[in-house]
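Enquirer: Take a look at the following structure, please.
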Amino acid sequence: MIFIKLILAHLLGDFILQPNSWVADKENHKLKSKFLYFHILIHIVLSLVFLWDLQLWWVAVWVGITHFIIDVAKLSFQNVKTKKNWFFIDQMLHVLVIAGISFYFNEFDFNFLKNQEFLKILMAALFLTTPASIFIKILLSSWTPAPDGPNTIQTESLTSAGKYIGILERLLVFTFIMVNHWEGVGFMVAAKSVFRFSDLAQAKQRKLTEYVLIGTLLSFGLAVLTGIIIK
């Protein structure tokens, strides 16, 4: 399958065979960096090797040309603040190019959009992301999360960390249920308890502990209920 072969070539060329020193040199010198052209050449060679068909030489060249254009765009427009965003944009565009090539060779179709089971699972997974977070936030809105007190432990928290932790835990619980591994749900509850409630015990804030406990149970409960409904 051309898609898998080109993805393997991409993973090798973009991550394993590209040292950090090359990345730094490209960011500093952009089009003047010799490592940019070494990098593109490696992608062309890897694509040819994995395809193993000289009649598809144009595919390897096309991969190299598009890779060069995408990389130059990233190097030209990214800055310190947008570097992370451009990394994901860069990778997404590379994968889209490979997907387009595979589509040209009729390796992909859109019949999966007619599969009702797939659509139900996709709907449930989407619900368990931001929509579920909003539901839980509204349900907890009548309580104060962290009352002031002499024993309160002030710690810095990552921006929106709680939201993304909740989304990841719900998706993991949902996945465990869909593959009939309910023991994984128990593992998730235990892991969350160890890492989260040890901090709450140190803070000695009963209201905060109850608030987090309710939020956790709501999060897990929504994921379990959604999994059961879909099953």
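The values are calculated or read from the model by the stated rules, or taken from the named source; none is laboratory data. Not measured: the values here are computed from a predicted model. For neighbour counting, all protein chains shown are included, and Cβ atoms are generated from backbone atoms with ideal geometry for every residue, glycine included. Ligands, DNA and RNA are stripped out before the accessible areas are found, and what is left, the full protein with its side chains, is counted by its heavy atoms. Shrake-Rupley method; radii C 1.70, N 1.55, O 1.52, S 1.80 Å.
Enquirer: Which order do the peptides 95-103, 180-188 come out in when sorted by mean C-beta neighbours inside 10 angstrom, highest first?
Expert: 95-103, 180-188
Enquirer: Among the complete DSSP H segments of the chain, which ones combine at least 27 Å of alpha-carbon extent along their axis with a mean Kyte-Doolittle hydropathy of 0.0 or more?
Expert: 57-77, 83-104, 183-203, 206-230
Enquirer: Just Ser47, Ser133, Ser141 to compare: in a GNM of the chain, with alpha carbon springs under 10 Å, which one fluctuates most?
Expert: It is Ser141.
Enquirer: Could you calculate the contour length gain from Leu139 to Ile228, that is, 0.36 nm times the residue separation minus the distance between their Cα atoms, to one decimal place in nm?
Expert: 29.9 nm
Enquirer: Let me check the size of segment 54-114 from its C-alpha atoms; what are the radius of gyration and Dmax in Å?
Expert: Over segment 54-114's Cα set, Rg and Dmax evaluate to 14.6, 43 Å.
Enquirer: Taking only protein heavy atoms into account and a 1.4 Å probe, give the accessible area per residue of segment 24-69 in Å².
Expert: 63
Enquirer: Summing -39500 (n - 2.57) over the DSSP H runs of n ≥ 4 in the chain and dividing by its residue number, what mean residue ellipticity at 222 nm do you reach, to the nearest 500 deg cm²/dmol?
Expert: For the chain, the value works out to -24000 deg cm²/dmol.
Enquirer: Can I ask one more? If we sort 67-73, 29-35, 166-172 on the protection proxy, mean other Cβ atoms within 10 Å, highest first, what's the order?
Expert: So the peptides 67-73, 29-35, 166-172, ranked by packing, come out 166-172, 67-73, 29-35.
Enquirer: Also, I was wondering about something else. Please enumerate, by chain and number, the lysines with C-alpha under 24 Å from the C-alpha of Lys192, excluding those fewer than 8 residues away in the same chain.
Expert: Cross-link targets: Lys137, Lys163, Lys204, Lys207.
Enquirer: How many percent of the accessible area of the chain is carbon or sulfur, using a 1.4 Å probe?
Expert: Carbon-and-sulfur percentage of accessible area, whole number: 70.
Enquirer: How much length is gained if the chain between Met92 and Ala191 is pulled fully straight, taking 0.36 nm per residue apart and subtracting their Cα-Cα distance, in nm to one decimal?
Expert: Additional length available on full extension: 32.4 nm.
Enquirer: Still on this structure, please answer the following. Rounded to two decimals, what is the ratio between the C-alpha radius of gyration of the chain and 2.2 N^0.38 Å?
Expert: That works out to 1.37 for the chain.
Enquirer: Then there is this: Taking the Cβ of Leu41 as the centre, find all other residues whose Cβ is under 14 Å away and add up their charges (Lys, Arg: +1; Asp, Glu: -1).
Expert: Here the count lands on 0.
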